[in-house]
Amino acid sequence: MGTTVGLVGAGRMGMPMVGHLVRKGFSVLVYDIDADKRRGVEACGARWAGSLEALARSCAIVLLCVGYDRDIRALLASDGPLSAAPRDTVIAILSTIHPQSVKELAGQSAPRGHVVVDATVCRGGRAADDGTLLAFVGGPSAAVERLRPVLGAFASDIVHTGDVGTAQVAKAVNNLIMWACLVANHEGLALAQRYGLDVEMLRKSLLTSTAANAPLANWGKQSMAWAEDDMAIVAEMAEESGISLPQAGLVRELCRSLKPRRYRLDEYGT
């Protein structure tokens, strides 16, 4: 294809993306702070970048798939490693961070000729493995169209949500609803168990009813590792916009209490 794609962060979501990009014909250059990821990256057919600066200089499109707001800010700082990227490089933030952070970083990067967009992904690790993620993309239309073939390597659905930062809003709404559903599932199945129902029979039956939801379908397979961070972003957004989200606050507290547990099909209530 002629386009070299850089990917920073070869974790649970990033590593499957590497494989999909290579299979779609892209030249892929990868960097991760964990050098032990190199073997897996090269096994996928991608190249390992010796440094972030080397990756930045070599790629027309850079995907950021790292953990936190602070990590993204460090990468995109005026003296950060990605400042070495040539003009017109599209830098897509796949990580879940605050929408305002993306707007600020896009503004700070513009004088260098870098186009920063947010391209959040939904549907989880299994969809990353299958190449069926949902990608929300916020940014200028021209940049989104440049990015579309790259995202299409691992996302079966791509939605342009509007200006930069809007994809983070869409992802925050997705996460708010997802975690609320997980908490409701936990309480509902706990109630069924206490009344002696076959909860796995009920769970499967509910998936054919108006109670169907993705966390119920993935029960026992979904990590709660990011629940607190996701809901913290929702809480910040609500406070800044002056909107009251009482259920979101309750869900955040419940996620805190449920996080230490391992979700198995035979564990519901306390």
Which residue is farthest from residue 253 (Cα to Cα), if the candidates are limited to the range 186-225 and must be among the polar types (S, T, N, Q) and at pLDDT below 95? 218
In the set 22, 18, the lone residue that is over 23 Å from residue 74 (Cβ atoms), in contact with a Cys (Cβ under 8 Å, 6 or more places away or on another chain) and either without any contact (Cβ under 8 Å) to a residue 40 or more places away in the chain or surrounded by fewer than 17 Cβ atoms within 10 Å (Cβ to Cβ) (or both) is 22
Residue satisfying all of: in the range 114-136; farther than 16 Å from residue 175 by Cα and without any contact (Cβ under 8 Å) to a residue 40 or more places away in the chain; farthest from the chain's Cα centre (by Cα) among these: 114
Out of all the residues in the range 211-229, which are assigned to a helix (DSSP H, G or I) and farther than 20 Å from residue 256 by Cβ? 214, 216, 217
Give me the pairs: first residue in the range 170-181 and free of Cβ contacts under 8 Å to residues at least 12 places away in the same chain, second residue of a type in the set (Phe, Trp, Tyr) and surrounded by fewer than 20 Cβ atoms within 10 Å (Cβ to Cβ), beta-carbon distance under 8 Å, and six or more apart or on different chains, which are they? none
Selection within the range 223-244 - in contact (Cβ under 8 Å) with a residue 24 or more places away in the chain and either in the same structural domain as residue 66 (by TED's automatic domain parsing) or surrounded by 17 or more Cβ atoms within 10 Å (Cβ to Cβ) (or both): 224, 227, 230, 231, 233, 234, 237
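The values are calculated or read from the model by the stated rules, or taken from the named source; none is laboratory data. What you see is a predicted model; the values in this text were computed from it and never measured. Every residue, glycine among them, receives a Cβ derived from its backbone with ideal geometry; neighbour counts consider all protein chains shown.
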